[in-house]
1. What about Gly68, is it among the small types (Gly, Ala, Ser), within 25 Å of Arg122 (Cα to Cα), crowded, with 16+ Cβ neighbours inside 10 Å and without any contact (Cβ under 8 Å) to a residue 40 or more places away in the chain?
2. Looking at the stretch 97-129 only, could you name the residues that are hydroxyl-bearing (Ser, Thr, Tyr), modelled with pLDDT of 90 or more and surrounded by fewer than 16 Cβ atoms within 10 Å (Cβ to Cβ)?
3. Only one of Lys25, Lys94 is modelled with pLDDT under 95, out of contact with any Leu (no Cβ under 7 Å at 6 or more places or on another chain), among the charged types (D, E, K, R) and not in a loop (DSSP other than H, G, I, E, B). Can you tell me which?
4. In a loop (DSSP other than H, G, I, E, B), touching a residue at least 12 places away in the same chain (Cβ under 8 Å) and not acidic (Asp, Glu): is that true of Pro111 in this structure?
5. Collect the residues in the stretch 12-22 that are hydroxyl-bearing (Ser, Thr, Tyr) and either in a strand (DSSP E or B) or crowded, with 18+ Cβ neighbours inside 10 Å (or both), keeping them in residue-number order.
6. Does Glu9 count as farther than 20 Å from Pro116 by Cβ and part of a strand (DSSP E or B)?
7. Being out of contact with any Asp or Glu (no Cβ under 6 Å at 6 or more places or on another chain) and among the hydroxyl-bearing types (Ser, Thr, Tyr) is the filter; apply it to the stretch 23-54 and report the residue that is surrounded by the most Cβ atoms within 10 Å (Cβ to Cβ).
Amino acid sequence: MPSDLIPPEYAGWWRITETGTWVNKYLDDLGPAMISFTGHGDRLRMHCLLAYVSARFTRGGISFTWEGAWEYDPMSGTGRARLGKGGRLTGTIKIKDGDESTFVAERIEEPAEPIPQPPSYRDKWRRRW
């Protein structure tokens with residue numbers, strides 16, 4: 001159920017189809033690249049990144065922060081998005097003290113399989129031989 005704080009035109013799940021900086025070929029390494037703006041347990045998944053998302057509506061669209069892990073390394077950042085042509089979402093994702101990239105996303109249905117939680121750094125050493 002979408003949050004009252006996120007307008008219906010932004011609320012829901014979005015499939016990230018392309019980025020301006022990062023290699024699009026590997027967007028789906030962990031499963032379909034996507035971001036959610038529901039106001040309840042939102043997530044981001046793309047490349048080797050799994051993250052929790054906190055979003056709020058602004059005059060210019062959606063502004064969000066995210067926190068998670070790239071593989072097993074902790075990462076966080078910010079982003080923003082707005083509706084573009086044809087109802088597609090266009091925006092920017094920034095990694096704290098790192099890269100930033102534009103992205104384009106299309107509306108999709110909520111996935112049947114939930115996006116996994118970001119792994120902890122401790123998990124990196126538990127998975128060794």
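1. Working: among the small types (Gly, Ala, Ser): yes; within 25 Å of Arg122 (Cα to Cα): yes; crowded, with 16+ Cβ neighbours inside 10 Å: yes; without any contact (Cβ under 8 Å) to a residue 40 or more places away in the chain: no.
Answer is no for this residue.
2. We begin by selecting, within the stretch 97-129, every residue hydroxyl-bearing (Ser, Thr, Tyr); these are 101-102, 120-121.
Cutting the leftovers down to modelled with pLDDT of 90 or more gives us 101-102.
Selection gives Thr102 alone.
3. Working: Lys94 fails: modelled with pLDDT under 95.
Sole residue among the options that is modelled with pLDDT under 95, out of contact with any Leu (no Cβ under 7 Å at 6 or more places or on another chain), among the charged types (D, E, K, R) and not in a loop (DSSP other than H, G, I, E, B): Lys25.
4. On the way: in a loop (DSSP other than H, G, I, E, B): yes; touching a residue at least 12 places away in the same chain (Cβ under 8 Å): yes; not acidic (Asp, Glu): yes.
The answer is yes for Pro111.
5. Narrowing the stretch 12-22 to residues hydroxyl-bearing (Ser, Thr, Tyr): 17, 19, 21.
Once the filter is applied, which keeps residues that are hydroxyl-bearing (Ser, Thr, Tyr) and either in a strand (DSSP E or B) or crowded, with 18+ Cβ neighbours inside 10 Å (or both), the stretch 12-22 yields Thr17, Thr19.
6. On the way: farther than 20 Å from Pro116 by Cβ: yes; part of a strand (DSSP E or B): no.
When the stated conditions are applied, Glu9 does not pass them.
7. Among them, the one singled out is Thr38.
The values are calculated or read from the model by the stated rules, or taken from the named source; none is laboratory data. For clarity, every value in this text was computed on a predicted model and none was experimentally measured. Positions of Cβ are generated from backbone atoms using ideal geometry, with glycine treated the same way; all protein chains shown enter the neighbour counts.
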